[in-house]
Amino acid sequence: MSKNQQRKLTEGLRPKDLKDYVSDIFTVDRYKSKMGEDKDIVVLGFRVKEKYPATDLMEFIEKGYRFILDADMSAGEENDGQYQVFVEMERTPNLPGQMRELLSGISQLCDCYDWKFRYQKSNGAVPFSEEKVLEHIPTTAVEYENKVLEIKNHEVNKFFNQGALEGVVFESDGSMTFMKPYFGNLKMKFVTMGKYDEIKDLVPGALSLDENSQSQVYFLQKYLGDYDINKIGDKFLIRNGNRAMIVQKDSW
């Protein structure tokens, strides 16, 4: 434990003061960095019961470690009444050891020693160890960009599961190439993807019902498969159950 940590515990917080307040499962790279680009900075997210314990944890982390770029907390409580404490660290090969040091200090406050983490939006929690960090968390900008591309490809192919596509390749420039036997390849620009109710209003305006637009919609339904597709302006809103994607095709 660093001298700053010891001083903080002596002046205010004591061991086990935050017991039962901090979740033993934290997130990694789920939230965007406010200090720089995500490829260069790792963001950890800790869920904390009640505002004042969250404030205590934030201050303890920010004042106790030289390698912490920033520690902050959510402006208000979440739907379940809990708060998020965000911790930003530089994405370097030193990350596994720094995370171990950070968790070691927090453990003194929480009396928790069996940590787990979720990477980005994954539902599965991974037991923390330096080896698991290297396995699941990118420690360089290049590794991060490759990881993001891998995840995007998985999500996009999972979304288009109702047609006869051979596959979809998501490129680093945000374009997607669709492959279908006997139909040739189709290229479109990815805009965003998420829950239908959350992204349906991201494309303002009325549906494009002119003959040319409807012909394009019909073509996409025939090519992609059984999806609810609407054209709004120069973009297409594609729905698959409770998920949706917004894409754009500049030329036909």
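The values are calculated or read from the model by the stated rules, or taken from the named source; none is laboratory data. No experiment lies behind these values; they were computed from the predicted model shown. Backbone-built Cβ (ideal geometry, glycine too); neighbour counts: all protein chains shown.
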If you go through the stretch 193-212 one residue at a time, do you hit one that is among the polar types (S, T, N, Q) and within 21 Å of the chain's Cα centre (by Cα)?
no
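Just to check your reading of the model, which residue among Gly167, Gly184, Gly225 is surrounded by 15 or more Cβ atoms within 10 Å (Cβ to Cβ), among the small types (Gly, Ala, Ser), outside the structural domain of Val42 (by TED's automatic domain parsing) and over 30 Å from Glu90 (Cα atoms)? It would help to see each step written out before you state the result.
Numbers: Gly167 fails: surrounded by 15 or more Cβ atoms within 10 Å (Cβ to Cβ); Gly184 fails: surrounded by 15 or more Cβ atoms within 10 Å (Cβ to Cβ).
After applying the criteria, what remains is Gly225.
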Those residues that are under 15 Å from the mean Cα position of the chain (by Cα) and not aromatic (Phe, Trp, Tyr), I need them from the stretch 35-67; list them, please.
Glu37, Asp38, Lys39, Asp40, Ile41, Val42, Val43, Leu44, Gly45
Loosely packed, with under 12 Cβ neighbours inside 10 Å, modelled with pLDDT of 95 or more and among the aromatic types (Phe, Trp, Tyr) - does that describe any residue in the stretch 210-220?
yes
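How many of the residues in the stretch 188-203 are touching a residue at least 24 places away in the same chain (Cβ under 8 Å) and either in a strand (DSSP E or B) or exposed (fewer than 15 other Cβ atoms within 10 Å of the Cβ) (or both)? First the steps, then the outcome.
So the first thing to find is which residues in the stretch 188-203 are touching a residue at least 24 places away in the same chain (Cβ under 8 Å), and the list is 188-197, 199-200, 202-203.
Still in the running and either in a strand (DSSP E or B) or exposed (fewer than 15 other Cβ atoms within 10 Å of the Cβ) (or both): 188-195, 197, 202.
The number of residues fulfilling the criteria is 10.
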